[in-house]
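Taken together, the values in this text are just the output of simple stated rules run on the coordinates, not laboratory data. Please read all numbers here as calculations on a predicted model, not as lab measurements. Cβ placement follows ideal geometry from the backbone for every residue including glycine, while neighbour counts extend to all protein chains displayed.
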Amino acid sequence: MEMLVREATADDAGLIADMTRACWADRVARSSSGHRESPDAVLRQLQRGGGYILLVDGEPAGSVRWLPLETETGVWEILRMGILPAYRGHHLSQDLLEAVIHCAQLSDINELRIAVRSDQSRLLDLYAAYGFEPALELEYTHANPREPAPTVMRRVLRR
């Protein structure tokens, strides 16, 4: 299995929207806005922040995005990380997470944050293995008010 993580471009907005909806299907609560992901929303996020696409043997297998936090300089929120069903079980999300961490370090970002949905608590251990710690005092800026609040985790890169 040959894997490549590449930077997402504006031309990838439709692909990323489609992949996000496919990754969320039968995996994330129907109330999640990820089920209604649109190319326009993805494009706006890519323009404000960035994203990566994971290719396996040349085929898109997953994606991740990040946005700078509007209220704090030097902080990025990681969002919409997902692996398509056909590629799950190979720990591929770790490649996406590592790519964002590396990009943040090169960009002199102070801190990364990621929200873990209450129905995805198994991810807490994965993110903890990459140096993220629960930050119970923080609220996720993109939280869906119709769902239980997610657990925000942070990784401090530099102080």
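What the table below lists for this structure:
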{"item": "Footprinting exposure proxy for L106, L157, L112 (fewest neighbouring C-beta atoms within 10 Å first)", "result": "L106, L157, L112"}
{"item": "Using a Förster distance of 25 Å, the FRET efficiency for H90-D119 (Cβ separation, nearest 0.05)", "result": "0.65"}
{"item": "Residues whose placed amide H lies under 5 Å from that of M3, excluding near-sequence neighbours", "result": "D57"}
{"item": "Helix-only CD estimate at 222 nm, as mean residue ellipticity for the chain, using -39500 (n - 2.57) per DSSP H run (n ≥ 4)", "result": "-8000 deg cm²/dmol"}
{"item": "Extension gain, Q47 back to R159 (0.36 nm per residue minus Cα-Cα distance, nm)", "result": "37.7 nm"}
{"item": "Given charges at beta-carbon only (K, R positive; D, E negative), |dipole| of the chain in Debye", "result": "340 debye"}
{"item": "The chain - Rg over Rh from alpha carbon coordinates, Kirkwood radius", "result": "0.93"}
{"item": "Label-zone membership for region 1-23, site S38, 7 angstrom Cα→C-beta point, backbone N under 16 Å", "result": "13-18, 21"}
